[in-house]
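Structure record follows, encoded as structure tokens.
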Ligand SMILES: [Zn+2]
């Protein structure tokens, strides 16, 4: 994994190219994040929220994709929210990813209920694809030997096929998410 603070460790480098596209089975809200919001996008994915992040898209492409796939465009760029095509935008106010995540959680009433906005750690943080459980034997030669020996459960991304397992940072990430979701409690 490129970021040591991520919850799951990925076995290989992610393929380049498009992230997983709209998942009709996934409950709304769905998001598309602008190039400034990569960290926010990854944390939303860890929450299980369908979030496209493709920094190569230009402003018009971002807006068009937002409309085509019925996604809320998350942006730090006020001018973008004033564009004619900007029908469903949220201006992210802070530069700090935690504050950004807190804003999205509050504004869109995200919860930990899988029926509402997905399940934690159900999406690939690299490409937004759905993760599915995969048989331990099937990944024997795709992960380091000690990882295979130490872990029982593995997940595979349906889109980019990368393998995840629960890493040592899992508890820390859970704490951050719990802390952020506290803002939703009465
Ligand atoms: Zn993936």
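So, in the stretch 20-43, how many residues would count as being in a helix (DSSP H, G or I), in contact with a helix residue (DSSP H, G or I) (Cβ under 8 Å, 6 or more places away or on another chain) and modelled with pLDDT of 95 or more?
Number of matching residues: 3.
Does the stretch 53-62 contain any residue that is in contact with a strand residue (DSSP E or B) (Cβ under 7 Å, 6 or more places away or on another chain) and either farther than 27 Å from residue 155 by Cβ or modelled with pLDDT under 95 (or both)?
Yes, the stretch 53-62 contains at least one residue that is in contact with a strand residue (DSSP E or B) (Cβ under 7 Å, 6 or more places away or on another chain) and either farther than 27 Å from residue 155 by Cβ or modelled with pLDDT under 95 (or both).
Being touching a residue at least 12 places away in the same chain (Cβ under 8 Å), outside any loop (DSSP other than H, G, I, E, B) and surrounded by fewer than 23 Cβ atoms within 10 Å (Cβ to Cβ) is the filter here; which residues of the stretch 51-62 pass it?
59, 60
Which residues, taken from the stretch 145-174, are farther than 24 Å from residue 53 by Cα and free of Cβ contacts under 8 Å to residues at least 24 places away in the same chain?
145, 146, 148, 149, 150, 151, 152, 153, 154, 168, 171
Tell me whether the stretch 98-114 contains one or more residues that are more than 16 Å from the ligand (Cβ to nearest atom), surrounded by 12 or more Cβ atoms within 10 Å (Cβ to Cβ), outside any helix (DSSP H, G or I) and free of Cβ contacts under 8 Å to residues at least 40 places away in the same chain.
no
Of all residues in the stretch 123-144 being free of Cβ contacts under 8 Å to residues at least 40 places away in the same chain and assigned to a strand (DSSP E or B), which is farthest from the ligand (Cβ to nearest atom)?
133
The values are calculated or read from the model by the stated rules, or taken from the named source; none is laboratory data. Just so we're clear, the structure is a prediction, and the values are computed from it rather than from any experiment. Note that we place each Cβ from the backbone using ideal geometry, even for glycine, and neighbour counts take in every protein chain shown.
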